[in-house]
Amino acid sequence: MQDEVIYRYLTGTCTPDEERQMKEWYQRDPENHQRDIDRVRFIFEGMLVHQVIGAAEKPPQRIWTPRKVARWSVSIAASLLLFAGGLYWMRSHTYKEMASQITSFETPAGQRVSMDLADGTHVWLNSGSRIEYPVVFDRRIRRVRISGEAMFDVTHDADRPFIVETFASEIEVLGTKFNVVADESRSLFSTTLLEGKVKVSSGDQNVILHPDEVVNLINGHLLVFHNNDPVAMQWPEGIISMKGISFEELMSKFERIYDVRIVYECERIPTIEFASGKIRVSDGIDHALRVLQHVADFTYERDEEHNIIRIK
């Protein structure tokens, strides 16, 4: 992306087409393109510094008198104040513009993505998940919004709480690692805390989570449980947990993870007859279904042309 376009984007003077191009460009590689944005911003700051200082450079030769010395001192003080004020205004204006620019990223079906936000917070996005976030965070609060499933390792900043918005709740942290599931289409919401402490709010309900606790939204109420399935938190490593999950839930996961459509052509939905187990995503869906056939009564056919798996 050309520096001139980045500059106009930062100062809010770009065209709608340039703004669209910037967002698409940024989403392709947020980590590296953030460096380009910072570089242009620093150049912009340097230009202002040069302009302000340059106005006070190369004074004409003069005969110094006490009165002129006093005037010169006042002039220098005024220039320094102008420089400081101009630099503060420029930084505040640029920062405000960048903080108001919301971008988004959506993980394609069948893929997992990890990324770093502007404050250093690391995020893992599961298949078919979406995150919305500013180019830089506000000076008072760090706020993002997600749908789908994401895991956060939040950079500690006691002065700026980190807020995760979902369709069902807000999760507030200061520095911690946690997992969020927010599937509005199925009215599913849960947060599992791995490290630190978080506050989950939904309406007038508030709960504080401690490590190895999970909160679920059930019939409009936030209920806290002990996390008895640590394998489920290994999904960033490509592990699918099958503990305490129904056949339909597992097929729904398979659809997102393997980017296929699964249809049922059986009289009854099969049941899974085991308490635990895990599947590695990289082994492929055929391997996953063959493993599942050992503990559930079903057969399947693959329609390669239409990317459909038929459960029989």
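Exactly one condition in (1) open to solvent by less than 50 Å² (accessible area, probe 1.4 Å); (2) among the β-branched types (Val, Ile, Thr); (3) modelled with pLDDT of 90 or more; (4) farther than 21 Å from residue 127 by Cα is not met by residue 285; state its number.
For residue 285, the failing item is (4).
What is the number of the single condition among (1) open to solvent by less than 30 Å² (accessible area, probe 1.4 Å); (2) of a type outside the set (Val, Ile, Thr); (3) out of contact with any strand residue (DSSP E or B) (no Cβ under 8 Å at 6 or more places or on another chain); (4) in contact (Cβ under 8 Å) with a residue 60 or more places away in the chain that residue 251 does not meet?
Tallying (1) open to solvent by less than 30 Å² (accessible area, probe 1.4 Å); (2) of a type outside the set (Val, Ile, Thr); (3) out of contact with any strand residue (DSSP E or B) (no Cβ under 8 Å at 6 or more places or on another chain); (4) in contact (Cβ under 8 Å) with a residue 60 or more places away in the chain, residue 251 fails exactly one: (3).
For region 253-265, enumerate the residues that are in a strand (DSSP E or B) and of a type in the set (Phe, Trp, Tyr). Before the answer, list the steps.
Going through region 253-265, the residues in a strand (DSSP E or B) turn out to be 261-264.
Within region 253-265, 264 is the sole residue that qualifies.
If I ask for residues that are in contact (Cβ under 8 Å) with a residue 40 or more places away in the chain, of a type outside the set (Ser, Thr, Tyr) and either outside any helix (DSSP H, G or I) or more than 19 Å from residue 111 (Cα to Cα) (or both), which ones from region 266-297 would you list?
266, 270, 278, 279, 280, 292, 296
What do you reckon, is residue 153 out of contact with any Phe, Trp or Tyr (no Cβ under 6 Å at 6 or more places or on another chain), among the charged types (D, E, K, R), open to solvent by less than 30 Å² (accessible area, probe 1.4 Å) and in contact (Cβ under 8 Å) with a residue 12 or more places away in the chain? So that I can check it myself, show each step before the final result.
On the way: out of contact with any Phe, Trp or Tyr (no Cβ under 6 Å at 6 or more places or on another chain): yes; among the charged types (D, E, K, R): yes; open to solvent by less than 30 Å² (accessible area, probe 1.4 Å): no; in contact (Cβ under 8 Å) with a residue 12 or more places away in the chain: yes.
Answer is no for this residue.
So, in region 7-26, how many residues would count as being part of a helix (DSSP H, G or I) and at pLDDT 75 or above? Outline the logic, then answer.
Taking region 7-26 first, the residues part of a helix (DSSP H, G or I) are 7-10, 16-26.
Applying the additional criterion that residues be at pLDDT 75 or above yields 16-26.
Total satisfying the criteria: 11.
Restricting attention to region 205-216, and to residues there that are open to solvent by 40 Å² or more (accessible area, probe 1.4 Å) and within 24 Å of the chain's Cα centre (by Cα), which single residue is farthest from residue 125 (Cα to Cα)?
If we take residues in region 205-216 being open to solvent by 40 Å² or more (accessible area, probe 1.4 Å) and within 24 Å of the chain's Cα centre (by Cα), then 206 is farthest from residue 125 (Cα to Cα).
Being assigned to a helix (DSSP H, G or I) and more than 20 Å from residue 183 (Cβ to Cβ): is that true of residue 250 here? Write out each step before concluding.
On the way: assigned to a helix (DSSP H, G or I): yes; more than 20 Å from residue 183 (Cβ to Cβ): no.
No.
With the condition kept exactly as written, say whether any residue in region 227-240 is under 16 Å from residue 285 (Cβ atoms), free of Cβ contacts under 8 Å to residues at least 60 places away in the same chain and surrounded by 19 or more Cβ atoms within 10 Å (Cβ to Cβ). Spell out the reasoning first.
Filtering region 227-240 for residues under 16 Å from residue 285 (Cβ atoms) gives 235, 238-240.
Among the residues that remain, those that are also free of Cβ contacts under 8 Å to residues at least 60 places away in the same chain are: 239-240.
Narrowing further to those that are surrounded by 19 or more Cβ atoms within 10 Å (Cβ to Cβ): 240.
Yes: one or more hits.
Quick one: is residue 309 of a type outside the set (Lys, Arg), at pLDDT 90 or above, under 30 Å from residue 114 (Cα atoms) and surrounded by 15 or more Cβ atoms within 10 Å (Cβ to Cβ)?
Yes.
Those residues that are closer than 17 Å to residue 109 by Cα and in a strand (DSSP E or B), I need them from region 298-312; list them, please.
308, 309
Could you list, in sequence order, all residues of region 116-146 that are open to solvent by 50 Å² or more (accessible area, probe 1.4 Å) and touching a helix residue (DSSP H, G or I) at 6+ places or on another chain (Cβ under 9 Å)?
So the first thing to find is which residues in region 116-146 are open to solvent by 50 Å² or more (accessible area, probe 1.4 Å), and the list is 116, 118, 124, 130, 132, 138-141, 143, 145.
If the condition is that a residue be open to solvent by 50 Å² or more (accessible area, probe 1.4 Å) and touching a helix residue (DSSP H, G or I) at 6+ places or on another chain (Cβ under 9 Å), then 116, 118, 124, 138, 139 are the ones that fit.
The values are calculated or read from the model by the stated rules, or taken from the named source; none is laboratory data. Just so it is clear, the model here is predicted, and its values are computed rather than measured. Glycine gets a Cβ as well: all are built from the backbone with ideal geometry, and neighbour counts include every protein chain shown. Surface accessibility is based on the protein's heavy atoms, side chains included, excluding ligands, DNA and RNA. Shrake-Rupley method; radii C 1.70, N 1.55, O 1.52, S 1.80 Å.
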